Ligand SMILES: Nc1ncnc2c1ncn2[C@@H]1O[C@H](COP(=O)(O)OP(=O)(O)OP(=O)(O)O)[C@@H](O)[C@H]1O
C-alpha cells in the first residue's frame, strides 16, 4: 500500500536482553525529503531507535514499514536492501584503506559495474572532499572528513533513508558545521535522514522535523523550528532558553 512516509516506526517496544524495555510504544515517521532528528536526555533510547530501524535490534512489539511495506523483524542485510542505511556512532572508516576502498565497501552488495560507477560519481559530486582525497589513506583525513567518507559509503546503495547516529561526536565546531551542511546536501539530493544528536539545538536548527524522546516514547514532535521556539523544551532539553531575536539597527 502506498504511504506518505518513507519510514514508519509504530508503537515500538524494544530493549536489551532481560533488562527493562528501553522503547515503550514509540512512534516516529520520516516523510520523503526531510531531515528528522531525535533529541532527548542521555539514555532516552535515541540510538536504540536507529538500531531497531536498521535491524540490529529486533523490536518486541510494533511495526516497521518502509514506503508502506511491512519490514518488521528483518535482519540488517534485509533492512539495507529495503532502503535503510545506518551510519554508526563514532568513527567507522578503515584508516589503513584509501578513501576509494572505504567508499567501495558500501557497494559490496551491488554487482552492476555501471551502477557502481554512477554511484561513485554521485557521492564524489555530493562530497567534494571525497573526490579530492580519493586515493589518500582514510586515516590521514580529519575527523569531519572521515565522517563524510562514512556518509559517502552509506549512500552507495541508494538508500531511501540514512540513519545517522551522532555525526558530530568528537568534532570541533567548524567540522560539526560542515557535517551538518552535508546532511542538508544529502537531503536535497533526495535521501531522507533520521538523525540522532547530543547537540540538540544544532540538530534542530538543521532538521525539518524533531521528536523529543523521554522514557522510551516520543514526548513531543513537530516542525523543528517550532520545537526550538518552545521555552519549556529549551529549558528541559536544549540547555537553556532560546536566544532572544536581535535585530540590527
Ligand atoms: N547493547 C546494550 N546492551 C544493554 N543495554 C544497552 C545497550 N545499548 C544501550 N543500552 C541501554 O539502553 C538505554 C538507552 O540507550 P541509548 O544508547 O539508546 O540511549 P541514547 O538516548 O542514545 O543515549 P545517549 O544520548 O547517551 O547516546 C540505556 O539505558 C543504555 O544503557
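The values are calculated or read from the model by the stated rules, or taken from the named source; none is laboratory data. Treat the numbers as computed from the prediction; the structure is a model and nothing was measured. Cβ sites come from the backbone with ideal geometry, for glycine too, and all protein chains shown count toward neighbours.
Numbers below:
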| item | result |
| --- | --- |
| Answer residue from segment 36-66, given it is within 13 Å of the ligand (Cβ to nearest atom) and on the phi > 0 side of the Ramachandran plot and is surrounded by the most Cβ atoms within 10 Å (Cβ to Cβ) among those | 45 |
| Residues satisfying the stated conditions in segment 67-91, i.e. within 16 Å of the ligand (Cβ to nearest atom) and in a loop (DSSP other than H, G, I, E, B) | 88, 89, 90, 91 |
| Filtered residues of segment 1-26 (kept if within 16 Å of the ligand (Cβ to nearest atom) and part of a strand (DSSP E or B)) | 9, 12, 13, 14, 15, 21, 22, 23, 24, 25, 26 |
| Given (1) more than 28 Å from residue 235 (Cβ to Cβ); (2) touching a residue at least 40 places away in the same chain (Cβ under 8 Å); (3) touching a helix residue (DSSP H, G or I) at 6+ places or on another chain (Cβ under 9 Å), number of the condition residue 79 does not satisfy | (2) |
| Any helices (runs of 4 or more DSSP H) falling wholly within segment 97-216 and containing at least 2 residues that are in contact with a helix residue (DSSP H, G or I) (Cβ under 7 Å, 6 or more places away or on another chain), within 16 Å of the ligand (Cβ to nearest atom) and under 19 Å from residue 34 (Cβ atoms) | 200-206 |
| Flag if residue 33 is touching a strand residue (DSSP E or B) at 6+ places or on another chain (Cβ under 8 Å) and assigned to a strand (DSSP E or B) | no |
| Cross-chain or 6+ apart pairs with Cβ under 7 Å, segment 27-46 first and touching a residue at least 12 places away in the same chain (Cβ under 8 Å), then near the ligand (Cβ under 9 Å from one of its atoms) and part of a helix (DSSP H, G or I) | 28/49; 38/46; 38/49; 40/46 |
| Only listed residue being more than 16 Å from residue 221 (Cβ to Cβ), at pLDDT 95 or above and within 14 Å of the chain's Cα centre (by Cα), chosen from 50, 38, 57 | 50 |
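Here's the yes/no breakdown for (1) under 24 Å from residue 23 (Cα atoms); (2) at pLDDT 90 or above; (3) buried (at least 22 other Cβ atoms within 10 Å of the Cβ):
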{"residue": "137", "(1), (2), (3)": "no, yes, no"}
{"residue": "149", "(1), (2), (3)": "no, yes, yes"}
{"residue": "157", "(1), (2), (3)": "no, yes, no"}
{"residue": "218", "(1), (2), (3)": "yes, yes, no"}
